[in-house]
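Accompanying notes for the structure given below.
The values are calculated or read from the model by the stated rules, or taken from the named source; none is laboratory data. Since this is a predicted model, take the numbers as computed values, not measurements. Counting neighbours? That spans all protein chains shown, and the Cβs are built from the backbone with ideal geometry, glycine included.
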Amino acid sequence: MIVWNLFSRFALVSLLAFGGGAGISLIERTAVTEAGWIHEEDLGTAIALGQVTPGPVMVAATFVGYRAAGVLGALAATLGVFLAPWVMSTAVAWRLGGNRLPRWFAGFRQGAAAAAVGLLGVTCLSLGWQTVKGWPGALVVVTASILAISGKVRPFWILIGGAAVGAMFECWNF
Amino acid sequence: VVGLLLASIIRFARTSLDAPLAWTLAVVAFAAGTLLTVHAALIVVVAGALGVFLHCLGGRGVQREQGGRQ
């Protein structure tokens with residue numbers, strides 16, 4: 001039952017994850033709030049995994065699936081989150097060839113992408129509220145943001161650096 | 001992770017929010033998600049439907065420039 005739940009819920013997430021931004025919010029809502037498969041702190045780990053591994057951040061679904069139901073859960077979540085977009089992309093590419101997508105679809109995408117920015121803000125606020133403690137945490141957030149926006153440091157190294165600084169602060173009892 | 005998410009928001013906003021109405025939609029989505037705890041899926045669908053509606057009205061509502069984004 002949980003395996004089917006993972007597959008169906010992540011399939012729904014994938015269908016609404018326009019631009020990738022809404023996906024994280026949808027995963028949070030599904031996995032943390034509704035199903036309770038993982039805690040908010042674990043979501044941070046899932047997103048980190050999605051950032052440091054090659055490919056889209058949606059591979060966080062694999063982590064959630066594994067935490068919820070082991071290897072079978074990881075397979076179900078991964079299949080759910082990638083199957084529908086793959087089928088749709090193949091169908092659209094096959095049907096439309098070099099033609100442009102319908103105008104109404106562009107409108108939908110623009111509206112959904114705008115909402116995705118707002119929803120990413122919700123996730124960021126929620127995750128920050130749970131995990132960022134005091135000024136050292138805030139300092140790490142600001143530094144990581146600046147480094148990520150500059151594009152000169154890879155997310156993997158930002159996460160490693162953040163973890164190292166966090167461990168250091170913890171040892172010094174900040 | 002929060003810092004990376006923040007950076008993603010800024011990058012995503014730069015590319016996606018290119019008209020005042022798009023900014024409004026993002027702010028309303030944020031408010032609906034935090035204050036009213038509306039389901040994220042519903043927010044995305046409603047925002048998408050609004051985008052379709054605005055496109056049908058004239059195509060210059062959410063996005064200033066049309067084309068090259070598909």
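Quick check on my filter: what residues within the range A:133-164 are of a type in the set (A, V, I, L, M, F, W, C) and surrounded by 17 or more Cβ atoms within 10 Å (Cβ to Cβ)? Answer for the range A:133-164, where residues must be of a type in the set (A, V, I, L, M, F, W, C) and surrounded by 17 or more Cβ atoms within 10 Å (Cβ to Cβ): A:Val140, A:Val141, A:Ala144, A:Leu147, A:Ala148, A:Ile158, A:Leu159. The set of residues in the range B:32-50 being without any contact (Cβ under 8 Å) to a residue 24 or more places away in the chain, at the interface with chain A (Cβ under 7 Å from one of its Cβ atoms) and crowded, with 21+ Cβ neighbours inside 10 Å consists of B:Gly33, B:Ala40, B:Ile43, B:Val44, B:Ala47, B:Gly48. What tally of residues in the range A:118-142 results from selecting those that are free of Cβ contacts under 8 Å to residues at least 12 places away in the same chain, farther than 17 Å from A:Ile27 by Cα and of a type outside the set (A, V, I, L, M, F, W, C)? Qualifying residue count, the range A:118-142: 1.
Residues that are over 22 Å from A:Val122 (Cβ atoms) and without any contact (Cβ under 8 Å) to a residue 24 or more places away in the chain within the range A:23-74 comprise A:Thr53, A:Pro54, A:Gly55, A:Thr62, A:Tyr66, A:Gly70, A:Val71, A:Ala74, listed in sequence order.
Out of A:Arg67, A:Arg109, one residue alone is at pLDDT 85 or above and either touching a His at 6+ places or on another chain (Cβ under 7 Å) or of a type in the set (Lys, Arg) (or both). It is A:Arg67.
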